[in-house]
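The values are calculated or read from the model by the stated rules, or taken from the named source; none is laboratory data. Just so you know, these numbers come straight off a predicted model, no measurement behind them. Cβ atoms come from the backbone with ideal geometry, glycine included; neighbour counts cover every protein chain shown. Calculation scope for accessible area: heavy atoms of the full protein, side chains included, ligands and nucleic acids excluded. Shrake-Rupley method; radii C 1.70, N 1.55, O 1.52, S 1.80 Å.
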Amino acid sequence: MTGTTRIETKRLVLRPHVMEDAEYLYRHFGTDERMYAYSGWNPYATERKARETVRHFIESYKDPSFFGWAIEAGQGIIGTIGAYDYDAEKSSVEVGISIAPEFWGKGYATEALQAVITYLTRDNGIRTVKTWCASDNIGSKRAMEKCGMQQTGIDHGALKIGDHTFDRLNYEYTTR
């Protein structure tokens, strides 16, 4: 395992987080309800929580099985992506991605997810990459499918976020 390392694609740079990211993530992710409408998870909800989250990422870079990146396009952060819950016995990991709303529909999620899948499977020998999305999250569903991920199941009514209930669509990419 090589852990988090800089990855460059045609349009993106995936890089390890730095403390300066916390303020941006709070302002652009933590305060925008669209960023957690389908996950219910908001690690940037307050300035303090954003700093703690980024500090945790930075401290975790010592662990070669930790993977967490800021996604940059041009001169600034447009999202985050990370792989977590690594299971050495099953050679699997779960990936989560968030892209700021002003960058939705431009293919950035697909490009970042494909780069991370390649890095995890080719460079780190992980056989199975898992992810999920709420059934109403069409953009995430499309990105996963464009990256060759296959839907492996539906957990009906599994996501209760505020007053909404969604089915959870489970996806996997498995190397042969």
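Scanning the range 17-36 for residues that are assigned to a loop (DSSP other than H, G, I, E, B) and surrounded by 16 or more Cβ atoms within 10 Å (Cβ to Cβ) gives H17, Y36. When we screen T53, T80, T9, T2 for residues that are open to solvent by 60 Å² or more (accessible area, probe 1.4 Å) and hydroxyl-bearing (S, T, Y), the only hit is T2.
Residues in the range 46-92 that are part of a loop (DSSP other than H, G, I, E, B), within 17 Å of the chain's Cα centre (by Cα) and of a type in the set (A, V, I, L, M): none. Residue count for the range 161-176, restricted to those that are open to solvent by 30 Å² or more (accessible area, probe 1.4 Å) and not basic (K, R): 9. Just one of the listed residues (A100, A134, A109) is farther than 15 Å from R168 by Cα and at pLDDT below 95, namely A100. Among residues of the range 135-150 being open to solvent by 80 Å² or more (accessible area, probe 1.4 Å) and touching a strand residue (DSSP E or B) at 6+ places or on another chain (Cβ under 7 Å), the one that is farthest from I117 (Cα to Cα) is D136.
Picking from I117, I126, which residue would you name as being part of a helix (DSSP H, G or I), open to solvent by less than 20 Å² (accessible area, probe 1.4 Å) and closer than 21 Å to I7 by Cβ? Spell out the reasoning first.
Working: I126 fails: part of a helix (DSSP H, G or I).
Within the list I117, I126, the selection yields I117.
When each of A158, A109 is tested for being free of Cβ contacts under 8 Å to residues at least 12 places away in the same chain, small (G, A, S) and open to solvent by less than 60 Å² (accessible area, probe 1.4 Å), the lone residue that passes is A158.
Of the numbered criteria (1) open to solvent by 60 Å² or more (accessible area, probe 1.4 Å); (2) touching a His at 6+ places or on another chain (Cβ under 8 Å); (3) of a type in the set (V, I, T), the one T46 fails is (2).
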